[in-house]
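Below is one structure; the comments refer to it alone.
The values are calculated or read from the model by the stated rules, or taken from the named source; none is laboratory data. Nothing here was measured: the structure is a model prediction, and the numbers come from that model. Don't worry about glycine lacking a Cβ; one is built from the backbone with ideal geometry, like all the others, and counts go over all protein chains shown. Side chains are part of the model used for accessible areas, which takes the heavy atoms of the whole protein and leaves out ligands, DNA and RNA. Shrake-Rupley method; radii C 1.70, N 1.55, O 1.52, S 1.80 Å.
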Amino acid sequence: MFSRFDPYQIVFSLLVFIPAIAIHEFCHAKFADMAGDMTPRAQGRVTLNPLAHLDPIGTIMIVISSMAGFGIGWGRPVMVNPSKMKNPRWDHFISVIMGPVSNLGLALVCAILIKSGLADREALSGLGETGMSFGRAAFASGSAFFSLYVLMSFIMNLSLFFFNLIPLGPLDGHWLVGAFLPPQARNSWYRFCHGPGMIIFLILVLIPAGNFNVIDWYLGTTVGTTMRLMLGI
């Protein structure tokens, strides 16, 4: 259905991905800053400027994965120091979870636009009949761009929400799990996630799309189910 290399699709994916990841990382930084940790502010991360948050590898991943359809990537992690927060354990938990929550909030806004009829959810189904990529179709007209942008932002933000909840380093999920563990187990868990867990994560990400991919299955199931619930279909 999609060509191997479609510059329209890659550009469109980046236009959807960049604001989603900038808001995600900004929320991490802002809530850490509000809790008393000045580390993100000192590193220039308490900003919505996407250039402060883009990770080279994560951005390259969105480009590569976009060639096969719809991509996923990640931003540059926000460095924080929980010991400087007012309530280190739970303030850190909040600063971590607010990244994914921001993506869920953006997805909810998109769902409202779709359900209100301001964005045409039938725009996607028409692509299957024409064989045209969503990127090329989006640049065909202003109305098509808006509808497809909202639809793709809906999917992208839900994907980022569930993707970041995976409990393996370097994703947000491993920090969230650690918050519920006693100190000794927490430290062991973090060491695992930053060592073997990182390798496991990379292996799961890099499994060819033609084989069974656990992350593809997980995202397909969670994102698809949540989309249907949000849209009432």
ask   = Within segment 172-183, can you find the residues that are surrounded by fewer than 21 Cβ atoms within 10 Å (Cβ to Cβ) and in contact (Cβ under 8 Å) with a residue 24 or more places away in the chain?
value = Leu176, Ala179
Filter result (open to solvent by 50 Å² or more (accessible area, probe 1.4 Å) and either at pLDDT 80 or above or β-branched (Val, Ile, Thr) (or both)) within segment 127-163 = Thr130, Phe145, Phe146, Tyr149
key: Positions within segment 69-118 being part of a helix (DSSP H, G or I) and either in contact with a strand residue (DSSP E or B) (Cβ under 8 Å, 6 or more places away or on another chain) or charged (D, E, K, R) (or both), in sequence order   = Lys84, Arg89, Asp91, Lys115
task = Can you give me the number of residues within segment 166-201 that are closer than 21 Å to Ile94 by Cβ and of a type in the set (S, T, N, Q)?
result = 1
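Of the residues Gly169, Gly220, which single one is surrounded by fewer than 16 Cβ atoms within 10 Å (Cβ to Cβ), among the small types (Gly, Ala, Ser) and either under 17 Å from the mean Cα position of the chain (by Cα) or not in a loop (DSSP other than H, G, I, E, B) (or both)?
Details: Gly169 fails: surrounded by fewer than 16 Cβ atoms within 10 Å (Cβ to Cβ).
After ruling out the rest, the residue left standing is Gly220.
Output the residues belonging to segment 23-56 that are in contact with a Gly (Cβ under 8 Å, 6 or more places away or on another chain), modelled with pLDDT under 95 and in a helix (DSSP H, G or I). Lay out the reasoning, then the answer.
Restricting attention to segment 23-56, the residues satisfying the condition of being in contact with a Gly (Cβ under 8 Å, 6 or more places away or on another chain) are 24-25, 27-28, 52-55.
In the following step, the residues that additionally are modelled with pLDDT under 95 were identified as 52-55.
Once the filter is applied, which keeps residues that are in contact with a Gly (Cβ under 8 Å, 6 or more places away or on another chain), modelled with pLDDT under 95 and in a helix (DSSP H, G or I), segment 23-56 yields only Ala52.
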ask   = Is it true that some residue in segment 184-201 is open to solvent by 80 Å² or more (accessible area, probe 1.4 Å), aliphatic (A, V, I, L, M) and either outside any helix (DSSP H, G or I) or free of Cβ contacts under 8 Å to residues at least 24 places away in the same chain (or both)?
value = yes
Residue satisfying all of: in segment 68-108; of a type in the set (Lys, Arg) and over 30 Å from Tyr8 (Cα atoms); least open to solvent (accessible area, probe 1.4 Å) among these = Arg89
ask   = Under 7 Å by Cβ, and 6 or more places apart or on different chains, what pairs join a residue from segment 97-120 that is under 12 Å from Ser147 (Cα atoms) with one that is of a type in the set (Ser, Thr, Tyr)?
value = Cys110/Ser153; Ala119/Ser147; Asp120/Ser147
